[in-house]
Each structure stands twice: as C-alpha cells, then as structure tokens.
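Novice: Before we start, here is the structure in question, set down as structure tokens.
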Amino acid sequence: MTRAPQMARHFARHAAGLGRGLRAGSSTSAQSPGLPSEVDTAIIGGGVTGASILHRLGLEGAGGSAAIFEKATLTSGATWHAAGLVTYYHGGNNFKLWHKEGVDLYKKWQNEEGIQLSFNQPGSMRLLQNEERMLEGQYTLSKSKVYQALFEGPEMHMISPDEVKRLHPLVNTDGILAALYTEGDGHIDPSSVTQAFASKAKQLGGRIYEHSEVVGLRPLPDKTWEVSLRLADGASHVVRARRVVNCAGLWAERIGSFAGVHTPCTVLQHQYVITEPIAEVKEYHAKHGHQLPVLRDLEGSYYLRDEGDGMLVGPYESEDAMQLAPAAWKGTMPPELTYHLWEGDLERIMASMEAATSLVPQLETVGIKTVLNGPTCWPSDGNHLVGPSHELPNYWNACAESYGIAHAPGLSRYIVHWMTHGEPPYELLEADPARYGAWATPAWTAEKVKESYGWNNHVAHFNENRPRARPVVHPDRPQDDIIEELRKRGAQFGFSHGWETPRWFHSEAADLGNTMATFFRPAYIEAVAKECRQIVDHAGLAYWPFSHFGIRGPGAAAFLDGLVANKLPAVGRVGLGHALTPTGKVHSELTLVRLADDDFYVTGYSGYQLHDLRYMREHMKPDQLVDIQDITSQRAVLFINGPRAEQIVASLLDEPVPLARTEFKPFQWRRLSLAGVPVIAVRMSFIGEHGFELHVERKHVAALHRKLHEADPELGDWGGAAMESFRLEKGVPLLGRDITKDHGALEAGLDRFVKLDKGEFIGRGALLKGKE
C-alpha cells in the first residue's frame, strides 16, 4: 500500500530542524552516600533490567544484601527512550511466560496498587496482507491456543477486515485479509516502570548508588569479585561482591571486557517518529475513554500506536539500511555518553513511513513532533544474554535486552530463581549466554545483528536459514575443508553453535538458501526420502558436529558418576548418560567412551558445548582430581550406516580388525586406522540403523569423508532432515526439542538411563521424592 508518493516532501518539510528531537537532560544530583564495602549481589546498571532484578531479590529475601551501581542516573541508557511496547504475544515458546508476567504485573501495579505507569492496554493487531502471512498467522494462532490452554491469559483471535475497522476506525483496510488480535496488549512508560521497580526494591532493603561508575572487575581466588568504582567527584571505591550481574545495557560489552568475559552484543540505532496531535485520535479518546489498538504492519515493517493525541511509528529498517553504532565504538557506548541520541534519518525509514500513511491516511496531513534515533543493544539473534558465564564463576549476564520493558518481570524472576536454586525454572536455551563461544566475534556479531534486526518482520518459515556472516571463520571452528567437501556433493547447510550442518543434499552443487521455504511439506522432501532409502538399501555417510571433551584423572570416574544418572560404562564400552538438574530435570545428554579406568572421551550436542562445560565446572568439587579439556575444535564425527557400512569401513582398514556385529557389539568401541587416519569407532546409532560413529581428529575428517566415498561410489550422503526422519521413526527423543529443562527425567521416558540404585548423583533425591 503506497498511495502517497508525496510523502518524502511531506516528511522533509515537517522534520526540518528537528534533528535529535526529544532530549532528556542528565541528572546533577549528588553522589549517593554510604557506599558499602561488601554486598552479596552487585548489579551493574540502573535500567529497567537492573531495577527489576534488585526488586526480585528483595522479594526472595535477599534485597538487603544487594545493590545497584549506576554510572549516571536510573534509565539514562536505553531505557528512557524505549517505545515501551508490552504484549502478551511472542512468537517463541517460553518467552511467552515473560510476556505474560510483564503484562500481568504492570496491570496489577497500576489498577490495584494505584502506581501511575501510563500503562495503556488497547490490544494489538498483527495485520495479514497476503496468503503467506495468512499461513504464518494460522500457525501463530494455533501455537498461541496451546499456550493459552497451558498457562491461561487472553486468547488470540483472527479477525476480519471489518472487525479491524471496527476496532481501529482510522485504518484503511484495502489489502488487509485478516489480523491477529490480542486483547490486553499495549504500551507503558519505561521510566515510570523503572522507578516503580526501584522504589519497591528499596522498600525491601535494596540499595541504589547513582553516579557510581564501575571501572574495573577482578575475580578473586575464593570466587568472589572485587568491583572498582569511580564516583562523581573522581574518588575511588572498592566493593567486594559474592556475585556480579551485568545489567549495563549499552555498556554491557565494556563491563564484560573488565571481567574478561565474552559478551557478544553490539549497539545499534532504532528510530521512531512521533506526530503532532491528530484530530481523529483525540476524538476517539474522548468518545471511548481509551486508546486505539497497537498496529503491527508486518509487510510495511513497523509498529504504530497512540502517543498522547498523536501517533508513534516505529519502523524496522532492512538489514542493509539499518545502522549500527560507529565502528570506533567497538560495539559498546563510550562511558561518558548518557541520554544519548543520534540525528534522525527519515530517508532510511521512508518506505515504512509511506506504508504507515497508506494504512492510516490521517498521518499524511499531520506534522512531525519528533524523530527519535536512539541506541539499543542486541546479541546476534536478538534474544538477549541472560544467565551465568561459562568462563568465570559468579558472573551473570542480564543484558542485550531487545525487549527489556516487556521482559523485565519475567526475566528477573527467571534469573533470580537460577541464582538461588542452582537451575533455571524452565528451559530458555535461546537466551543463555553460553550459546555463543569465542567464535562469535565482534565483526560476526555486528553482521548478524543487521540480519536479525532487518528480518524482524519477515515471514518466519519452519527451518528458516539465515545466511549472513556464514560460514563462521575462526580458529575455534575449523571447518572450511569439510564444508567444501560437502558443498561439492550438494549439501544445503543449517547452523548450530558456529558450525555449518548439512540439512539435506541437492542433486548438484548449488546453494538454494531459503528458496524452498514453506509452511507445507517442502519440495526437497523427495531428496530426503532418497537419502533414507539409500541408507536402508545400501549405506549412507553423514558429517555432523558435536561437542567433545576429554575428562581424565584419578577422580574422573567419581566425578562423572555423580554427574550423570546412568551407570558408567566399563573400559572398552560406551554409555549414554543424562546430566540432571537438582530437581531432576534434564540438563543435557552425553555419550561417554571409556578409554581407561580414569580416562573418558565425552561427546554431546554441539549447541550445548558451553552449557555442558559450565555445568561440569560448577559441579566439580575442589578436592576432585579431574582434568576437563574442551577439545571440540580438535575432533569430528562421521556416521556411516546401512547394510554395507561394515564392508565399506573394512575396505579402508590398514590392519585387520573384526567389525562383524557378533564381535564388535553395540555400545563397544575400537581403535582403527582407516586409510592412514586414526579413528575411534563406536558401535552405536542415533538413527537406529546399524553402523558406526567414526571419531577422528578434525584435520582428517574431510579426507576420510572423501576416502569412504572413493571406497564405494554407491555410498550415499545424508543430513539432518534424514536424521530427523529416522529418529522419529525409531522413537529416539531429541534433546532441546523432546527433552528440555521443562521435563523431569522420568517424565521424559528416560527410565532405562536412570539408575536410582547406583548411588548419589545430581537430581537423584528429587526423583526419589517424586516416586513416593
């Protein structure tokens, strides 16, 4: 809908001279008195996230030993200029819990406690303007109904264009097929919310120190932290903290660098436009006593809501048009900047503004009050960094919050529960900082943020593949040779924790990207079926990335026995073990190859590499003589499965080794030499078809892959889609999808891997109690 060609002239006329638009002055209040020498929890940053965590600690009885250290004044980073959208809707899974908690808490505070938050709840509509959007909307609606049934909250409804017009009389419904309407969505004043959290936190014993800038962090031998402060008058002060929480928002990467903790996020620009009052908006308010519903025009890539008697239009620019912070800032904000805004740039958002005036024609005739271009901070996927560091103990992240206002109540409950109970209350792997390793460099993060921001309103198909800044090039991800080998064979790649993963194989070498994206059975299903038939009828070969650990030492067996619920395998054998949380939920799944009494080679899911490393380090006792080495970048795995697998492997043996299943039995391993490549061969199969896992040094994987194909030209290739097909057919549950921290081990059907009679292990007490 672009019926307004004169829009560029119109906005140029009204925006002339606006420049930075809305500005707020920084406070000049005196520094906070009575700085402590010790605290239990040092929260760095006084935005909405830091204030909400201090409040939640107070509710848990820990507020008196916690404090916020803010370099300027509360809300002076990204919080003060946020658009403040608060919604029940979220397209993900457990993030919906954060959204619901946010709306419900703010509603309670304003309606029941009388706290003025400027919380307006007119509902929201996601406009559907073509058939692909309708399909996406139907999927979103069905998913929403499942969550509504589980966790209550308002229902989402698909409504007609006439109903859209009834709810929002200013909308031009030409081209609108339907809309998803959620009652109770709305927006709130971010500064009022933050001050409410801060006030309640102080009533519960929490302390807030403004003009107290953190300029250094030092981990101490007893796993506490030394926090160095610089005060407003230039004086220095040192606080000792049992834990620190990085809630520094725009300065999160800077704070992480003080601690030596990798914080992969970057500062970017987000613009919105506020108009002068609109007569029809004012009349609607006077007649109905509430605001018009929030609109989300996904095709136009913007949101639109009332702001006073005018309107606020918030575009999401394309990945090529959007702007990051200046490169010289290196992903973070200079410390001296507070309440910072850039000059507005209407040219970048003109397409969205023209779409908005076509949708609400009244925008075309009204002046512009403000063009606000403010900084915010995102990680590469836009999903926040919330949880403990995998690098150093008692260092927590709660930053890079792209939806900080909406998420603050749920986020704070989630992270404080994790702090106080030793595990999160539910699965949110997509927010855990451990999903990024050193391979997520500043340059890579910046490129992916462009993509995530620019794709914010794109149609999200199943198994969507985001191609920007791939493959990852980093010493921790040595994969160029195997990628090239697979690409020549037609591999179509997915992505997992920095690794390229072959999803399926095309008949020729070509990168098809997302050209086959659909909400229906994809066109490449026949290629996947061919891969499956090849395995069943002959044999198939697959490369797949995993995490790899070497765990050895006199205490290695006792350590692993206390970590996993299954019994440890004997020397020469392989076992599957599940690491559980203290409440008996499933943290991870590990394959344990016992090389010797005190030497284990352990593999896990690639996406859980740093989660597992962190969990192992957290639960290793000081007196245990255990050495844990992360060797993920040094090892690789090939699967070869099917009736001809043994013969193909045997043809490459440098020395004879019996491979028949009667001699090389399931859950055993052998050392082999295949065409000069040392191999740990494991007799087990995730897909249920007999064969081997071939574990090799990563530098040999491409060559061995090629040698196996040369040994048998009829050997097929298979990828992740075929893996899914086989494991579903065999009933093999997948960690992260079928099994998560939302499920207890017995509830998840893992009974045969849980040996309650073997002795103590993490989660055993909870499982025994659950069986009573």
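The values are calculated or read from the model by the stated rules, or taken from the named source; none is laboratory data. What you are looking at is a predicted structure, and each value in this text was computed from that prediction instead of being measured. Virtual Cβ from ideal backbone geometry, glycine too; neighbours counted across all protein chains shown. Only protein heavy atoms, including side chains, enter the accessible area calculation; ligands, DNA and RNA are left aside. Shrake-Rupley method; radii C 1.70, N 1.55, O 1.52, S 1.80 Å.
Novice: If you rank Lys769, Lys143, Lys108 by how much accessible surface each has, with a 1.4 Å probe, what is the order from largest down?
Specialist: Lys769, Lys108, Lys143
Novice: For the chain, what does -39500 (n - 2.57) per DSSP helix run (n ≥ 4), summed and divided by total residues, give at 222 nm, in deg cm²/dmol to the nearest 500?
Specialist: Calculated from helices alone, the mean residue ellipticity at 222 nm is -8500 deg cm²/dmol.
Novice: Could you size up the charge dipole of the chain around its Cα centre, putting +1 on the beta carbon of Lys and Arg and -1 on that of Asp and Glu, and report it in debye to the nearest 20?
Specialist: 980 debye
Novice: While we're here: Measure out, as a whole number of angstrom, how far apart the alpha-carbon centroids of the stretch 667-729 and the stretch 566-610 sit.
Specialist: After rounding, the separation between the Cα centres reads 20 Å.
Novice: Roughly how many percent of the accessible protein surface of the stretch 81-233 is carbon and sulfur, given a 1.4 Å probe and a whole-percent answer?
Specialist: Summing carbon and sulfur atoms, their accessible area is 48 percent of the total for the stretch 81-233.
Novice: Compute, for Tyr395, the solvent-accessible surface of its heavy atoms (probe 1.4 Å) with the complete set of protein chains present, and express it in square angstrom to the nearest 10.
Specialist: Answer for Tyr395: close to 0 Å² accessible.
Novice: Could you rank the peptides 567-579, 692-704, 64-76 by their average count of other C-beta atoms within 10 Å per residue, with the highest value first?
Specialist: With the highest mean Cβ count within 10 Å placed first, the list reads 64-76, 692-704, 567-579.
Novice: If you roll a 1.4 Å probe over the heavy atoms of the protein chains, what accessible area per residue do you get for the chain, in Å²?
Specialist: Spelled out: the 1.4 Å probe surface of the chain, per residue, equals 39 Å².
Novice: Kindly report, to the nearest 10 Å², the accessible surface of Glu299 as traced by a 1.4 Å probe over protein heavy atoms only.
Specialist: Accessible area, nearest 10 Å²: 90 Å².
Novice: Counting only residues 5 or more places away or on other chains, whose amide H sits under 5 Å from the amide H of Gly494 once H atoms are built in the peptide plane?
Specialist: Thr501, Arg503
Novice: Using a 1.4 Å probe and counting only protein heavy atoms, arrange Arg670, Arg296, Arg614 so the residue with the most accessible area comes first.
Specialist: Heavy-atom accessible area, descending, gives Arg670, Arg296, Arg614.
Novice: While we're looking at this one, here's another question. What does the convex hull of the Cα atoms come to per residue for the stretch 492-560, in Å³?
Specialist: Looking at the stretch 492-560, the number lands at 178 Å³ per residue.
Novice: Using a/c under 1.5 as the rounded threshold, could you call the stretch 440-535 rounded, prolate or oblate? The axes a ≥ b ≥ c are square roots of the C-alpha gyration tensor eigenvalues, and prolate needs a/b larger than b/c, oblate otherwise.
Specialist: It is oblate, given that a/c is not under 1.5 and a/b is not larger than b/c.
Novice: What accessible area, in Å² to the nearest ten, does a 1.4 Å probe give for Glu747?
Specialist: Probe radius 1.4 Å; accessible area of Glu747 about 140 Å².
Novice: Of the heavy-atom accessible surface of the stretch 567-629 (probe 1.4 angstrom), what whole percent is carbon and sulfur?
Specialist: The C+S portion of the solvent-accessible surface of the stretch 567-629 is 51 percent.
Novice: If you don't mind, another one. Might you report the magnitude of the Cβ-based charge dipole of the stretch 255-407 about its Cα centre, with Lys and Arg at +1 and Asp and Glu at -1, to the nearest 20 debye?
Specialist: Charge dipole, the stretch 255-407, about its Cα centre: 420 debye, nearest 20.
Novice: Here's another thing I want to ask about it. What percentage of the solvent-accessible surface of the stretch 404-544, computed with a 1.4 Å probe over protein heavy atoms, is contributed by carbon and sulfur atoms?
Specialist: Using a 1.4 Å probe with all protein chains present, the stretch 404-544 comes out at 54 percent carbon and sulfur.
Novice: How do Glu343, Glu354 stack up against each other in accessible area, from largest to smallest, with a 1.4 angstrom probe?
Specialist: Reading off the accessible areas and sorting them downward yields Glu343, Glu354.
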